[in-house]
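Structure first, commentary second.
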Amino acid sequence: MGAPITVGVDGFAESPPAAHWAAREALLRDLRLRLIHAWNPPSPPAPALPHEDDQSYWSQRLLTDLVDELRDTHPGLRVSAELVPRKTVPALLDAARDAEMLVLGSRGRGTPGGFLLGSTGRQILAHGAHPVIMVHADDQPLTADVAVGVSLRRPNEEALRFAFDAAARRGGVLRAVHAGTEGPGVEEEPGAEGGALDAVLRPWRERYPGVPVAEAFTAERPALGVVHTAPGSGLLVLGRDETEPGPDPHLGSVIHAAVHHAPCPVAVVPRG
């Protein structure tokens, strides 16, 4: 049995849309769905309280209600839920290691600190061992197309594999986006970007011959260009390099802009 798709759940409005996106993805991939709600229990333990006043009661109720909703909406879904009495960041990072992907709700589109619980989302995006998908409550209706940002200088092969596989499963077009210019060879030779992008994509086209590929170029800065070419896609895939540990990790301008402004879910895929 394959690794599950895991969803980090909290009590905010972005959690149900993220869970429903993950449920559709789990059915598409024939995988289990696992919901996790992490909460930091008081230390020392609080005195016994009526269950209505117990934080763990409401946390479990949150999961139970969402599981029932997902089962009603997505027949055939294999779903489980787990209440994890740990701090959120280590709990979700551990869950990400054992998952095909980790899905989180993202709030505050267009506002500073708009990731899930602020620094929590940044830590998970920066250090997740497998793809992390951020879903807004107001993402546009899903389409089958998948967009992927492509670096010509150092392509992220894991992100390309994820994007081509996602497009193949959905039956959509893979939109490969290169923004800005990279390297003197590309800048000095007219049309060199097209040849370089074709070379990067060629092995993946051969592995996924049934996936139509559309190449897009823009001279905008990558952070703007990738976001501006995302509309019309149901998923935007971006690669992530190794991130230095720290309380406020640097994700890079492209990922930061995409999670805040892209009109569709964003998958951040770590380099292998």
Breaking point among (1) modelled with pLDDT of 90 or more; (2) of a type outside the set (V, I, T); (3) surrounded by fewer than 18 Cβ atoms within 10 Å (Cβ to Cβ), for A99: (3)
Checking E206 against (1) part of a helix (DSSP H, G or I); (2) modelled with pLDDT of 90 or more; (3) open to solvent by less than 70 Å² (accessible area, probe 1.4 Å), the condition it does not meet: (3)
Those residues of region 233-244 which are in a loop (DSSP other than H, G, I, E, B) and open to solvent by less than 40 Å² (accessible area, probe 1.4 Å), in sequence order: S233, G234, T243
Unique match (being outside any loop (DSSP other than H, G, I, E, B), touching a strand residue (DSSP E or B) at 6+ places or on another chain (Cβ under 7 Å), touching a residue at least 24 places away in the same chain (Cβ under 8 Å) and not aromatic (F, W, Y)) among A230, A223, A216: A216
Yes/no for R169 being part of a helix (DSSP H, G or I), touching a helix residue (DSSP H, G or I) at 6+ places or on another chain (Cβ under 8 Å) and more than 27 Å from F12 (Cβ to Cβ): yes
In region 163-199, the residues that are of a type outside the set (D, E, K, R), within 18 Å of T229 (Cβ to Cβ) and at pLDDT 95 or above: A163, F164, A166, A167, G172, V173, L174, A176
Qualifying residue in region 110-126 (condition: under 16 Å from A38 (Cα atoms), at pLDDT 90 or above and in contact with a Phe, Trp or Tyr (Cβ under 8 Å, 6 or more places away or on another chain)): no
Search result, residues across region 119-155 that are open to solvent by less than 30 Å² (accessible area, probe 1.4 Å), within 21 Å of A166 (Cβ to Cβ) and under 12 Å from the mean Cα position of the chain (by Cα): I124, L125, G128, P131, V132, I133, M134, V135, H136
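The values are calculated or read from the model by the stated rules, or taken from the named source; none is laboratory data. These numbers were taken from a predicted model, which means no experiment stands behind them. When we count neighbours, we look across all protein chains shown, and the Cβ atoms used for this are built from the backbone with ideal geometry, even at glycine. Calculation scope for accessible area: heavy atoms of the full protein, side chains included, ligands and nucleic acids excluded. Shrake-Rupley method; radii C 1.70, N 1.55, O 1.52, S 1.80 Å.
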